[in-house]
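Shown next, in C-alpha cells, is the structure this report addresses.
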Amino acid sequence: MTTPTFQINSFSLGPLQTNCYLLTVQDESTGEKRGIIIDPGMNPKRLIEKIQGVHIEAILLTHAHFDHMGGVDEVRKFANCPVYIHDLEADWLTDPRKNGSMRWQDVTEPLSTDPAEFALDEGQVLELIGHSFKVLHTPGHSPGSVSFLCGDHIFSGDVLFRSSVGRTDLPGGKEVDLYNSIQNKLYKLDDATIVYSGHGPKTTIGYEKANNPYVK
C-alpha cells in the first residue's frame, strides 16, 4: 500500500471540538500549494488563516451534522471551491432542522449554507491534489455518512473513533447500519490503515479490531 505524499494538518473546531483536516501538497517546480479540506466545522478562523496562499480544490464532507458543516459557507467563499456531500444529506446543508443546528440552540444558532456542487456515492474515486480518494458509503451515524480512503489513510467522520463508535440516536441514525459499515467496510481495510476520526485522536484499523469494545 502506497503512503500518500501529502501533509495533514488537523484543527479542532467549534464547541464540539470537531476535527477538520487540511491536506496539502506542494508542487516542487512551481512552489504552488494545493489542498483539500475535510469537514470544516464551526468557527473556522484558524483554518482560514492556514489556507491563505493555498489553492483549495474541494471541501469534502463526511456528513452534514452542524458541527461538521458549520464553517462551509465561510470557507467556501474564502477559497472559492466546490463542496462534495452524499446525496442522502444534500438537503441537510440548507435545512437547520435536518443538520441538527435547530435542535442544539444552546450550542449554535440555526445553520444553513448553499447546496453542494457535487454528490458523492459508494465506490466513487475523486482525483484531487494529485491523489485518488475512494468514497466508502458508511451509514449508521447518519444516512449519508461517507469515509474517504487514500492509500493507508481513511477519514471516517463520526463512524469510528479510537475505542468508540458514532452515536446512532440522532435522526437518521441506525445502529445496525453503523456496525455493518464498520465490520464490512472499515474492518476489511489493512490493519495498518490510519483512521482520522471526526472527534478525538487518530487510531488504526488493527487497533480497533483488537480493542474497540463496541465492534469486534
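The values are calculated or read from the model by the stated rules, or taken from the named source; none is laboratory data. None of the values given here were measured: they were computed from a predicted structure. A quick note on method: Cβ atoms are made from the backbone with ideal geometry, for glycine too, and the neighbour counts reach across all protein chains shown. All accessible areas refer to the heavy atoms of the entire protein, side chains included, with ligands and DNA or RNA removed. Shrake-Rupley method; radii C 1.70, N 1.55, O 1.52, S 1.80 Å.
Note on the range 62-147: enclosed strands (runs of 3 or more DSSP E) holding 3 or more residues that are open to solvent by less than 30 Å² (accessible area, probe 1.4 Å) are 83-86, 131-137.
Take the residues in the range 161-178 that are polar (S, T, N, Q) and in a loop (DSSP other than H, G, I, E, B), then tell me which one is nearest to Tyr21 (Cα to Cα). Working first, answer last.
We begin by selecting, within the range 161-178, every residue polar (S, T, N, Q); these are 163-164, 168.
If we keep only those that are in a loop (DSSP other than H, G, I, E, B) too, we end up with 163, 168.
Working: Ser163: 20, Thr168: 23 Å.
If we take residues in the range 161-178 being polar (S, T, N, Q) and in a loop (DSSP other than H, G, I, E, B), then Ser163 is nearest to Tyr21 (Cα to Cα).
Could you grab me the full set of residues in the range 32-61 that are closer than 23 Å to Gly172 by Cα and not in a strand (DSSP E or B)? Asp39, Pro40, Gly41, Met42, Leu61 - these are the residues of the range 32-61 that are closer than 23 Å to Gly172 by Cα and not in a strand (DSSP E or B). For the range 179-216, the tally of residues that are open to solvent by less than 50 Å² (accessible area, probe 1.4 Å) and either assigned to a loop (DSSP other than H, G, I, E, B) or among the β-branched types (Val, Ile, Thr) (or both) stands at 13.
Checking each residue of the range 19-29 against the condition of being part of a helix (DSSP H, G or I) and either of a type in the set (Phe, Trp, Tyr) or at pLDDT 95 or above (or both) gives no match.
The set of residues from the range 9-18 being in a strand (DSSP E or B) and open to solvent by 50 Å² or more (accessible area, probe 1.4 Å) comprises Ser10, Ser12. Could you tell me whether Asp39 is of a type in the set (Asp, Glu), in contact with a strand residue (DSSP E or B) (Cβ under 9 Å, 6 or more places away or on another chain) and closer than 20 Å to Pro82 by Cα? Yes; evaluated as a whole, the condition is true for this residue.
For the range 148-178, enumerate the residues that are open to solvent by 60 Å² or more (accessible area, probe 1.4 Å) and without any contact (Cβ under 8 Å) to a residue 40 or more places away in the chain.
If the condition is that a residue be open to solvent by 60 Å² or more (accessible area, probe 1.4 Å) and without any contact (Cβ under 8 Å) to a residue 40 or more places away in the chain, then Arg167, Asp169, Lys174, Glu175, Val176 are the ones that fit.
In the range 123-137, the residues that are under 14 Å from Thr5 (Cα atoms) reach residues that are modelled with pLDDT under 95 and surrounded by 12 or more Cβ atoms within 10 Å (Cβ to Cβ) with C-beta atoms within less than 6 angstrom, at least six apart or across chains, in these pairs: His131/Pro4.
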